[in-house]
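Working notes, beginning with the structure itself.
The values are calculated or read from the model by the stated rules, or taken from the named source; none is laboratory data. Everything numeric here is computed off the predicted structure, so don't read it as measured data. Methodologically, a virtual Cβ is constructed for each residue, glycine included, from the backbone with ideal geometry; neighbour enumeration extends over all protein chains shown.
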Amino acid sequence: MKRLKIITFLLLTLYMQPTFGDNRFPMAIVPGDYADPSILRDGDDYYMTHSPFIYKPGFLIWHSKDLSTWTPVTRALSDWNGSAMAPDLVKHNGKYYIYFPSGGTNYVTVADNMDGPWSDPIDLKISGIDPGHVVDGNGNRFLFVNEGEMVALSADGLSTLSEKRKVYDGWDIPSGWVTEGKYLESPKLLKKGGYYYIVSAEGGTAGPPTSHMVIVARSKSLDGPWENSPYNPLVHTYSDSEEWWSKGHGTLVDDTDGNWWVVYHGYANNNHALGRQTLIEPVEWTSDGWVRPAASDRFLPPSATSLVTLDDDFESDSLGWQWTLWKDYTPSAISFGDGRLTLKGRGGNPGDATVLLTTAMHGNYMVETEISLYPESRGGLMLFYSEEAYAGVMADLDNIYIYSGKGEYSRIPNTMGGSFRVRLQNRGNRLHAYVSQDGDKWELVADGIDVSHMNHKEYKKFFALRPALVAEGDGSVSFDSFRYTAY
């Protein structure tokens, strides 16, 4: 994919949200649903990607110069089989690789440059999740997956040379800790000094707030034996009163000044609907070669990632970086012209319609767009979790439909005509919906729909509640000037 255009923003620190601007740790560096971060330092540059699940195109790659403020660069892949999650972004011998699991197997895509083009996914034909790449002292390449298993890779990293074998048993979670179970996963490896270090997740990812954690072990050999750190867990939520829940899935990274950090994900307290956000906090190495949490007074510039604009005037002839299609990659359903994006409809309800989504970055926000309706179509602006969970406004030329859940809606006559504006406000997971003929006078059509339950704990799949443009039926729907405003 070609490099995506990034809009420059001015006077960032004047508009910082409190969560992202006060330099507390953990610090959110990519807010919103950016789970399973995999981070790579490439000289003076840092790159990161996350789980795309079934949102396509996917594997959005972010770039930073300071580990704090990140801007999107490109999406590596347009399509794949299954739900892709927990990737590992690595560089080896001048090439870039993304290893990822999906559909019961593991894949790899490779590129000469971070901007791409990235290859079509190559099936490694091994089971397991959360792959982690490592190179031994002889230049041999290996891939770890969950449950402490390891497989040998070919020299080019594009195929396997052996069967999986178990080499690490994980860390015994203390009796009485409230977790989902052991669930040893997310192996991320590095070599430092005379040791290999494996950084893993345990405890389950989205159960009780205290479930997830980051653990560390080391060994002189990739085959083991592995010695667990006396400082385990490196990252953990100990109480549901903490700001961040279910902290885990960490990767260690050093900066250009020699400082070390752990990057991981977590839910904002009691807000699973927003998804797992990317967090960072400082760590340090002890004199005997273990990593542990470091003093929180280490400096990191305030993050401005949350100010990367999600607005779109649809003046381009291609999809902006902020947009993904739900489940099926169907670019033929999207067209542009006259400053409008047009979606070809399908299905008979929002759950099986054409759905184009963006990722909310704040707990409180407003989205707005102008909708133009055509015969045999129904269009709208929604908050969409999955086919089972969505809420918002849909309309055809006769009626306006206010959805409060799957298949649950009220209906009022459409007095707005074929073109009007829709505004959704998400205030602490309470949805307020408005419609307007002229963008000046607004009519409230939904007041306080509870959408807090539209999350993984209720509906599984690890998705998030996302603003979405929706088109259903046999016709088309056009959208003009999408706006996203945090407050």
Answer yes or no: is there a residue in segment 206-216 that is more than 26 Å from residue 363 (Cα to Cα) and either not assigned by TED's automatic domain parsing to the domain that holds residue 273 or not hydrophobic (A, V, I, L, M, F, W, C) (or both). no
Subset of segment 329-347, residues under 20 Å from residue 76 (Cβ atoms) and not in a helix (DSSP H, G or I), comes to 329, 330, 334
Can you tell me which residues in segment 249-260 are buried (at least 23 other Cβ atoms within 10 Å of the Cβ) and assigned to a loop (DSSP other than H, G, I, E, B)? none
Please name all residue pairs, on different chains or six or more residues apart, with Cβ atoms under 6 Å, provided the first residue is in segment 393-421 and is within 17 Å of residue 352 (Cα to Cα) and the second residue is of a type in the set (Asp, Glu). 406/388
The condition of being in contact with a Lys or Arg (Cβ under 8 Å, 6 or more places away or on another chain), among the aliphatic types (A, V, I, L, M) and over 27 Å from residue 260 (Cα atoms) holds, among 61, 54, only for 54
Show me the strands (runs of 3 or more DSSP E) entirely contained within segment 264-328 in which 2 or more residues are surrounded by fewer than 17 Cβ atoms within 10 Å (Cβ to Cβ) and outside the structural domain of residue 24 (by TED's automatic domain parsing). none
Segments classed as strands (runs of 3 or more DSSP E), wholly inside segment 70-112, with at least 1 members that are assigned by TED's automatic domain parsing to the domain that holds residue 28, hydroxyl-bearing (Ser, Thr, Tyr) and over 22 Å from residue 326 (Cβ atoms): 71-77, 95-102, 105-111
Residue among 95, 91, 56 that is within 16 Å of the chain's Cα centre (by Cα) and not hydrophobic (A, V, I, L, M, F, W, C): 56
Pairs under 9 Å by beta carbon, first residue among the aromatic types (Phe, Trp, Tyr) in segment 184-195, partner modelled with pLDDT of 95 or more and surrounded by 14 or more Cβ atoms within 10 Å (Cβ to Cβ), six or more apart or different chains? 195/218; 195/219
Scan segment 85-94 and tell me whether some residue there is free of Cβ contacts under 8 Å to residues at least 12 places away in the same chain and out of contact with any Pro (no Cβ under 8 Å at 6 or more places or on another chain). yes
Looking at segment 427-447, I want the residues that are part of a loop (DSSP other than H, G, I, E, B) and have a partner that is among the β-branched types (Val, Ile, Thr) and modelled with pLDDT of 95 or more with Cβ atoms under 6 Å, at least 6 apart or on another chain. Which pairs are those? 429/451
Pairs with Cβ under 6 Å, 6+ apart, first in segment 285-308 and under 15 Å from residue 259 (Cα atoms), second part of a loop (DSSP other than H, G, I, E, B): 289/193; 290/229; 290/231; 292/231; 296/25; 300/68; 301/66; 301/68
May I ask you to say which residue of 464, 471, 486 is farther than 19 Å from residue 404 by Cβ, at pLDDT 95 or above and crowded, with 23+ Cβ neighbours inside 10 Å? 471
Looking at segment 144-169, which of its residues are touching a strand residue (DSSP E or B) at 6+ places or on another chain (Cβ under 6 Å) and on the phi > 0 side of the Ramachandran plot? 148, 157
Of the candidates 188, 192, the one satisfying the condition of being in the same structural domain as residue 137 (by TED's automatic domain parsing), at pLDDT 95 or above and over 22 Å from residue 85 (Cα atoms) is 192
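Each row is one residue, and each column tells you yes or no for (1) loosely packed, with under 15 Cβ neighbours inside 10 Å; (2) over 20 Å from the mean Cα position of the chain (by Cα).
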| residue | (1), (2) |
| --- | --- |
| 202 | no, no |
| 207 | no, no |
| 222 | no, yes |
| 226 | no, yes |
| 232 | no, yes |
| 235 | no, no |
| 239 | yes, yes |
| 247 | no, no |
| 262 | no, no |
What do you reckon, is residue 128 within 24 Å of residue 191 (Cα to Cα), free of Cβ contacts under 8 Å to residues at least 40 places away in the same chain, part of a loop (DSSP other than H, G, I, E, B) and touching an Asp or Glu at 6+ places or on another chain (Cβ under 7 Å)? yes
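Determine whether residue 404 is among the small types (Gly, Ala, Ser), surrounded by fewer than 24 Cβ atoms within 10 Å (Cβ to Cβ), out of contact with any Phe, Trp or Tyr (no Cβ under 7 Å at 6 or more places or on another chain) and at pLDDT 95 or above.
yes
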Quick check on residue 168: is it out of contact with any Phe, Trp or Tyr (no Cβ under 8 Å at 6 or more places or on another chain), of a type outside the set (Asp, Glu) and modelled with pLDDT of 95 or more? no
Being at pLDDT 95 or above and touching a helix residue (DSSP H, G or I) at 6+ places or on another chain (Cβ under 9 Å): is that true of residue 289 here? no
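When the residues of segment 174-200 are filtered to those that are within 25 Å of the chain's Cα centre (by Cα) and of a type in the set (D, E, K, R), which remaining residue is farthest from residue 140 (Cα to Cα)?
Step one: list which residues in segment 174-200 are within 25 Å of the chain's Cα centre (by Cα), which gives 179-190, 198-200.
Going one step further and asking which of them are of a type in the set (D, E, K, R), we end up with 180, 182, 185, 188.
Details: 180: 35, 182: 30, 185: 22, 188: 17 Å.
So the residue we want is 180.
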Confirm whether residue 171 is closer than 25 Å to residue 101 by Cα, among the hydrophobic types (A, V, I, L, M, F, W, C) and over 25 Å from the mean Cα position of the chain (by Cα). yes
